[in-house]
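Please read the structure below before turning to the comments.
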Amino acid sequence: MSTIETKTSLKGGEFLIKETSYQDVFIPEEWTEEQKMIAQTCHDFIAQEIWPILDKIDDKEEGLMQKLMDKSAELGMLGLNIPEQYGGFEKDFLTGMLATEAIGSGHSFAVAFSAHTGIGTLPILYYGNEAQKAKYLPNLADGKWKACYCLTEPGSGSDANSGKTKATLSADGKTYSITGQKMWITNGGFADILIVFAKIGDDKNLSAFIVEKAFGGITLNPEEHKMGIRGSSTRQIFFNDCKVPAENLLSERENGFKIAVNILNVGRIKLAAAALGASKSVINKAVEYAGQRVQFGHPIGTYGAIQHKLAEQTIRAFACESALYRVSRNIEDAIEALQEGGMEKGKAVLKGIEQFAVEAAIMKVFGSEVLNYVVDEGVQVYGGMGFSSDAPMERAYRDARINRIFEGTNEINRMLTVDMMLKRAMKGELDLMGPATKVAGELMSIPDFGEPDTALFAAEKKYIRNFKKAALMVAGAAVQKLMMKLSSEQEVVMNLADMLIELYVCESMQLRVEKLVSMKGEAECALLIDMMRTYLYDAADKINKSGKDAICSFAEGDEQRIMLSGLKRFTKTDTFNTKESRRRIASKLIAEGKYCF
């Protein structure tokens, strides 16, 4: 737990309509010593046990992944968030997020680890009854049993509830017989415990079951040959009249889809943490190489083209980190508040994360796309060696690609971001129409040209307020114009999501830098201010482009002209020399020889 209490009054999605004080956000510079020690243990494990044998891992040496997971269990890594009564360490959500980041640079091991500790274990932790928890959690925490999650089927990917795997209850009511096919199952080749989703009889919705491989009736296809994460076991699993005791039904009948959705909320934000850890690792390697590789008589890190890449990699990673731990602490605060209100811990965790499902989807998209950018430019920094499997960037590039598909594709998560916001507005949980109507009225008014505010970050705060106005204007007009057809206008929905993603990250970054300045002073934070201002400057154009594309999709004539004029006003920023800003950032990176922010 952080030593600085940051109780937030914001609910999930309210970042669009309310302002946040820097005093109310958590920043990574506030980690406790215990949290830092846990992260360092995870870092050391990856550096000492994983990186030296990545080729062996990718070759799927028999039994190797299981042995590595057993070693991590000895350090307590598998049971970090499991209650002490079940053999775990019962650390809070925020600490779990930091550990996930630290393990994120572990390539295929990170995937196997996350599948076991996340989607493989959490359904039992959060939805299991006492007998199920007592039986399974201790063996999952100490690594005796390995877990996997069986949801996806050949005909049901993003549309998970359309799965055709069936569960039939026996006449005596003592067992279920499961028959069906699952695919893309991480850890499928060696998992002892399977979380399996199936429909009972003619049910409309899925139910979930805890299945032991020892129950029988389970066969596996050979390992999949994949573009990346080659060391992780990925198999199709067939259930052929697999007999499962009735007491292994997880939660209630037809509650499986809800379990899947809520566990995916956890998976999405944890994926962002893992992507952040991988991004920092790649940046470290790129910076080190740029300092050592000499061309035309100088290290390539002294050239502007390379400096731009290193700085931009770093800016995006810093932005991701700022937003990730802002919302992670929001979730932690929500969990604590729910527990104080009398809610059981497991339910409080799920409810707390569900409250911030919008931000979880945002972070999944942003984190995976930051990593995508970082590895792509990492290859470019290495040049020809970047394309060689003898150097680290080739594997990093391949392994990163899956993250835009895992835990719901980025397209699905973009659409979910907007859909969840609008549904909350329709339920009266978020007042979007009031602010949107106010912004629409502002379009016809004369802009305020009063005296400029000269306070530190006044300009940046104004930019962010205007970015929010831009999103409200476009979203409000889209809802009014398209109404029920909006969900089928997926390009417009994704334009809106991109606006929300950028403004959320901008605000998170600005708040973090402002808080750091309050702690350390402006001079000490000069490079962080550079990063924040560079990001906001570029984000303004991204928001403008997304908004313009959306407006031109549904508005015409005077309506279009007025909205485009308003968009231009709301995305206007002062000029800023991003070249010199990035050069200053890159010089610091080269001097330190690593990601140092």
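Any idea how far the Cα center of the range 407-453 sits from the one of the range 344-401, in Å?
Rounded to whole Å, the Cα centres lie 27 Å apart.
With a cut-off of 8 Å between alpha carbons and a minimum separation of six or more residues, what is the relative contact order of the range 14-146 in percent? Intermediate results must be reported in sequence, preceding the final value.
Values: 107 pairs, mean separation 36.9, N = 133.
Once normalised by length, the contact order is 28 percent.
Sequence-distant or interchain residues sharing an amide H contact under 5 Å with ASP192, placed H: which?
LYS146, ALA147
For a quick check: with amide H placed at 1.01 Å from N, whose amide H comes under 5 Å from SER207's, ignoring anything fewer than 5 positions away on the same chain?
It is ALA198, LYS199, ILE200, GLU254, GLY256, by chain and number.
Between GLU49 and SER488, how many nm apart are label points set 7 Å from Cα along the C-beta direction?
Roughly 5.3 nm, to one decimal.
With θ taken as phi - 60° and the coefficients 6.51, -1.76 and 1.60, list the Karplus ³J(HN,Hα) couplings across the range 272-286 in order, rounded to whole Hz; mark glycine and proline as x.
Running phi through 6.51 cos²θ - 1.76 cosθ + 1.60 with θ = phi - 60° gives 4, 5, 5, 5, 5, x, 5, 4, 4, 5, 5, 4, 4, 5, 5 Hz.
Taking 7 Å along the Cα-to-C-beta vector as the label spot, tell me the THR41-MET433 distance in nanometres, rounded to one decimal.
5.2
Relative to the present Cα-Cα distance, how much length would full extension add between ALA305 and MET385 at 0.36 nm per residue of separation?
27.0 nm
Relative contact order for the chain using alpha-carbon pairs under 8 Å, separation at least 6, rounded to a whole percent? Mind showing how you got there, number by number?
Details: 991 pairs, mean separation 87.6, N = 597.
Normalised by residue count, the contact order of the chain is 15 percent.
Show me the GluC sites (Glu not before Pro) within the range 79-181 that DSSP assigns to loop and that have at most 15 other Cβ atoms within 10 Å of their Cβ. Could the numbers behind the result be given before it?
Details: sites: GLU84, GLU90, GLU101, GLU130; in loops: GLU90.
Answer by residue number: GLU90.
For the chain, find the longest principal axis of its Cα atoms and tell me its angle to the long axis of helix 490-520, 0 to 90°, nearest 10.
Tilt of helix 490-520: around 70 degrees.
Relative contact order for the range 148-250: what is it in percent, counting Cα pairs under 8 Å that are at least 6 residues apart? Intermediate results must be reported in sequence, preceding the final value.
Values: 236 pairs, mean separation 33.2, N = 103.
After rounding, I find 32 percent.
How many angstrom lie between the Cα centre of the range 118-189 and the Cα centre of the range 542-596?
Rounded to whole Å, the Cα centres lie 45 Å apart.
Round to the nearest 0.05 the FRET efficiency obtained for GLU224 and LYS579 when R0 = 41 Å and r is the Cβ-Cβ distance.
On the way: r = 45 Å, r/R0 = 1.10.
Efficiency for this residue pair is about 0.35.
Calculate one ³J(HN,Hα) per residue across the range 251-266 by plugging θ = phi - 60° into the Karplus curve 6.51 cos²θ - 1.76 cosθ + 1.60, and present them in order as whole Hz with x for glycine and proline.
So the Karplus estimates, Gly and Pro as x, are 6, 9, 4, 6, 8, x, 5, 5, 4, 4, 4, 5, 5, 5, 4, 5 Hz.
Could you derive backbone 3J(HN,Hα) for the range 422-435 from the dihedral phi with the Karplus parameters 6.51, -1.76 and 1.60 (θ = phi - 60°), listing whole Hz in sequence and x where the residue is Gly or Pro?
Per residue, the Karplus-derived 3J(HN,Hα) values read 5, 5, 5, 5, 5, 7, x, 7, 10, 8, 8, 5, x, x Hz.
To the nearest 500 deg cm²/dmol, what mean residue ellipticity at 222 nm is calculated for the chain from DSSP H runs of n ≥ 4 alone, each contributing -39,500 (n - 2.57), summed and divided by the residues?
Working: 19 runs with 330 residues, N = 597.
For the chain, the value works out to -18500 deg cm²/dmol.
Test of understanding: what is the full-extension gain from ASP172 to GLU559, defined as 0.36 nm times their sequence separation minus their Cα-Cα distance? Working shown, then result.
Numbers: separation 387, 0.36 × 387 = 139.32 nm, distance 6.67 nm.
Stretched out fully, the ASP172 to GLU559 stretch lengthens by 132.7 nm.
What are the trypsin sites (Lys or Arg not before Pro) within the range 391-439 that DSSP puts in a loop, where the Cβ has at most 15 other Cβ atoms within 10 Å? Spell out each step's value before the answer.
Numbers: sites: ARG395, ARG398, ARG401, ARG404, ARG414, LYS423, ARG424, LYS427, LYS438; in loops: LYS427.
Those satisfying the criteria are LYS427.
Find, among the GluC sites (Glu not before Pro) in the range 410-453, those assigned to loop by DSSP (not H, G, I, E, B) with at most 16 other beta-carbon atoms within 10 angstrom.
For GluC sites (Glu not before Pro) across the range 410-453 that sit outside H, G, I, E and B with at most 16 neighbouring Cβ atoms in 10 Å, the list reads GLU429.
Could you order the peptides 195-204, 167-176 from most to least packed, using the average number of other C-beta atoms within 10 Å per residue? Walk me through the intermediate numbers first.
Numbers: 195-204: 19.2, 167-176: 14.2.
Descending mean neighbour count gives 195-204, 167-176.
Evaluate the chain: find the radius of gyration of its Cα atoms, find its Kirkwood radius, and give the ratio Rg to Rh. Before the final figure, lay out each step's value.
Working: Rg = 24.5 Å, Rh = 25.1 Å.
With Rg and the Kirkwood Rh in hand, the quotient comes to 0.97.
Starting from the amide H of THR175, placed 1.01 Å from N in the peptide plane, find each other amide H under 5 Å away whose residue is 5 or more places distant or on another chain.
Under 5 Å from the amide H of THR175 lie the amide H atoms of SER170, ALA246, each far enough along the sequence or on another chain.
Since every read-out is calculated from the coordinates, none of them should be taken as a lab result. Worth saying up front: this structure is predicted, and the values here are computed from it rather than measured. Ideal geometry is used to build each Cβ from the backbone, glycine not excepted, and the neighbour counts take in all protein chains shown.
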